[in-house]
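Below is one structure, written out as structure tokens; comments come after it.
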């Protein structure tokens, strides 16, 4: 099981527009066995994107300056497209690998920015994965420390 904030590299991601490419993905939830992994993709292509660190609500982006985290280049987390991937497809896929992670403060800021920028566009099921009720969180925590699993 992977925790929210884990950074994956996907060498064959199929984008929403049908193209396939290499992307860094940021995990937004800590999925249980039955829940999908909920990702956002990143880009280091600046084009016309602003470079003020943090939430860029109007653009549905979160900017991480180079060298502040795992990312060695200026990186924009693209919040306008969510990529749910079933957990069984993560473990069995040789095209996906864990390459790093973001700290709790940074991933909280990214998820909060996502809600600020895209709340009306987030499916209820995804909202529950991103901000689960406390009960679910406590059960997941208990499950993580269960020696029988």
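Brief remarks follow.
- Enumeration of residues in region 16-32 that are touching a residue at least 12 places away in the same chain (Cβ under 8 Å) and either surrounded by fewer than 19 Cβ atoms within 10 Å (Cβ to Cβ) or farther than 14 Å from residue 86 by Cα (or both): 16, 22, 23, 24, 25, 26, 32
- Hits in region 49-85 (condition: closer than 25 Å to residue 124 by Cβ and not in a strand (DSSP E or B)): 57, 58, 59, 60
- Any hit, region 82-90, residues being within 16 Å of residue 104 (Cα to Cα), at pLDDT 95 or above, surrounded by 14 or more Cβ atoms within 10 Å (Cβ to Cβ) and touching a strand residue (DSSP E or B) at 6+ places or on another chain (Cβ under 9 Å): no
The values are calculated or read from the model by the stated rules, or taken from the named source; none is laboratory data. Note that this is a predicted model, so its numbers are computed, not measured. Because the Cβ atoms are built from the backbone with ideal geometry, glycine has one as well, and the counts that use them run over all protein chains shown.
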